Structures are given as structure tokens and as C-alpha cells.
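Some notes on the structure that comes next.
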Amino acid sequence: MLMWILILIVVVLIGGFIVFTLRRRMLSHDDSVSVGSSGLLDHLHQMHKSGEIDDEEFARARSSILMKVQEDMDARKSSDEQSG
């Protein structure tokens, strides 16, 4: 009987750890927008520097990326204010 209780405790602890890890990954996924956008801006700058895109294309793409980042930051800020 004691062995089954120990097995149950271990299963519950492992399940809790899995839920905690998945939840943490899902909540930290929002931060990847800024990091990904930074890498995207670097790549965009390299394309512009190498001549793959012209000044106008660079300006439009850069503006679009920065607007998306700003929208995501505003949305996160408003959700933080509502929850906190």
C-alpha cells in the first residue's frame, strides 16, 4: 500500500513539473516577438546594406516591423494593467 502512495506522489510531482514547464514556456512566448523582431531588423539591415532591397523597401519594412512591436508592447502593457 505504501508503495502505491509513493508512486502516486511521484506521478503527481512529475505532472506538476510538466504543467509548470509548459505554462512557463507559453507565457514567455510573448517575449520572443521583440527578440525575433530584433533579429529580423538585423537581417533587413544586412539586405539593405548589400543592395538586395532599396531605401524605400527598407523604410517600409522597418516601419512595419516597428509598428508591430509597438502594438504588441501596448497590448502587453494593457493586459498587465488589467490583471494587476
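The values are calculated or read from the model by the stated rules, or taken from the named source; none is laboratory data. Please read these numbers as outputs of a predicted model, since none were measured by experiment. Virtual Cβ from ideal backbone geometry, glycine too; neighbours counted across all protein chains shown.
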Requested in this report: Give the number of residues within the range 35-84 that are surrounded by 13 or more Cβ atoms within 10 Å (Cβ to Cβ), among the small types (Gly, Ala, Ser) and either in contact with a Ser or Thr (Cβ under 7 Å, 6 or more places away or on another chain) or modelled with pLDDT under 90 (or both).
Outcome: 1
Query raised in the report: Which residue pairs have Cβ atoms closer than 9 Å, lie 6 or more positions apart in sequence or on different chains, and pair a first residue in the range 33-47 that is of a type in the set (Gly, Ala, Ser) with a second residue that is at pLDDT 70 or above and surrounded by 13 or more Cβ atoms within 10 Å (Cβ to Cβ)?
Result: Ser34/Val69; Ser34/Asp72; Ser34/Met73; Ser37/Ile65; Ser37/Lys68; Ser37/Val69; Ser37/Asp72; Ser38/Val69
